[in-house]
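Have a look at the structure below, then the notes.
The values are calculated or read from the model by the stated rules, or taken from the named source; none is laboratory data. Bear in mind the structure is a predicted one, so any value in this text is a computation, not a measurement. FYI the Cβ positions are ideal-geometry reconstructions off the backbone, even for glycines, and counts take in every protein chain you see. We work out accessible area using only protein heavy atoms, side chains counted, and drop any ligands, DNA or RNA first. Shrake-Rupley method; radii C 1.70, N 1.55, O 1.52, S 1.80 Å.
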Amino acid sequence: MSAASRIDLHTHSTASDGTLSPAELVRAAAEAGLDVVAITDHDTTAGWAPALDALPAGLSLVRGAELSCRWYGAEPALPLHLLAYLFDPDAPELVAELARVRAAREERGERIVTLLRADGVDVSWPEILTGAGGGTVGRPHIAQALIRAGLVSTTTEAFGPDWLGERYRLPKEDIDVFRAIRLVRAAGGVPVFAHPRATRRGRIVPDELIADLAAAGLAGLEADHEDHSPAERAHVRALAGELGLLVTGSSDFHGTHKTVRLGAFTTAPGAYERIVAEARGVTEVVSG
Ligand code: AMP
Ligand code: ZN
Ligand code: FE
Ligand code: FE
């Protein structure tokens, strides 16, 4: 890994709510000049095989996922996202938990559609499932249906308070975050807290919880992310320093569902090397 390496450890494909297929994603990552890219779809490893098959020469692929978690120490419980890298995709308990969360996402999505339809909004659940194309269903797919129906013009507007951000926002049955860390570590993976200070998405967890998560096996914090202000990035960095956690930066690329570009934020080689070193080798980084 040279100091000039460009490492983006958080991206989404059509296996969840991104708009590029896993094969298109790895090609786009190479075209964007990345040396390392992680595929981290929500609650699924379905994109791993097609991404590996299409891996361009010179690009390294880190197989990962972004797990939908919840901290039950607040009332109401707080949602949070855990990036998990290089874990065994066949670890039975983790596999079962991911399948359960994907089912809970569908159940929540259908309830959101029922609420919208009760208010006379012309969106349909089968249409949204078709839009998700077999990938993990998320609110961005419902946002697309609102755009198609002419009710909003952008995904950002669909996530506003009148729509999916508040009025039609429903919780889903996520994984208890301490259990998620335990399962990821048991599967040989490395857990990193995604966008931990993204206040613009809603309530955030207290720093005391992050200290408890570190004690429970959390490896790192994602500091450089478009949803963090410069002050929030600095705060996350300082907290990671205090707790001995590694720090990542990443685009959280979603294709045309977001405006951010691949490689817009990157991770330093030293932090990446720590992730690879901590992974227990059940799944290795593969280079094209
Ligand atoms: P879900 O996982 O179904 O709750 O949907 C969350 C996903 O929606 C996140 O992964 C983001 O990619 C996306 N998202 C959340 N807030 C926004 C926003 N304000 N604008 C665009 N996309 C968003
Ligand atoms: Zn997403
Ligand atoms: Fe996230
Ligand atoms: Fe993400």
Only residues that are within 14 Å of Lys258 (Cα to Cα), assigned to a helix (DSSP H, G or I) and away from ligand 2 (no atom under 16 Å from the Cβ): list them for the stretch 148-163, please. Glu157
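Any idea how many residues of the stretch 86-131 are in contact (Cβ under 8 Å) with a residue 24 or more places away in the chain and assigned to a helix (DSSP H, G or I)?
Of the stretch 86-131, the ones in contact (Cβ under 8 Å) with a residue 24 or more places away in the chain are 86-89, 91, 93-94, 97-98, 100-102, 104-109, 111-113, 115-116, 121-123.
Those still in the list that are assigned to a helix (DSSP H, G or I) too: 93-94, 97-98, 100-102, 104-109, 111-113, 115-116.
Qualifying residue count, the stretch 86-131: 18.
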In the stretch 19-67, what residues are in a strand (DSSP E or B), more than 16 Å from ligand 3 (Cβ to nearest atom) and of a type outside the set (D, E, K, R)? Val36, Val37, Ser60, Leu61, Val62
Does the stretch 251-268 include one or more residues that are more than 16 Å from ligand 4 (Cβ to nearest atom) and open to solvent by less than 30 Å² (accessible area, probe 1.4 Å)? no
Quick one: Ala15 ticks every box in (1) buried (at least 21 other Cβ atoms within 10 Å of the Cβ); (2) within 14 Å of ligand 3 (Cβ to nearest atom); (3) of a type in the set (A, V, I, L, M, F, W, C) except a single one, so which number is it? (2)
Being open to solvent by 70 Å² or more (accessible area, probe 1.4 Å), at positive phi and at pLDDT 95 or above, is that true of even one residue in the stretch 146-154? no
For Ala143, are the conditions met, namely being more than 17 Å from the chain's Cα centre (by Cα) and surrounded by 15 or more Cβ atoms within 10 Å (Cβ to Cβ)? yes
Residue by residue through the stretch 164-176, note down the ones that are touching a Phe, Trp or Tyr at 6+ places or on another chain (Cβ under 8 Å) and either part of a loop (DSSP other than H, G, I, E, B) or within 22 Å of Thr267 (Cβ to Cβ) (or both). Gly165
Which members of the stretch 155-186 meet the condition of being β-branched (Val, Ile, Thr) and surrounded by fewer than 17 Cβ atoms within 10 Å (Cβ to Cβ)? Thr156
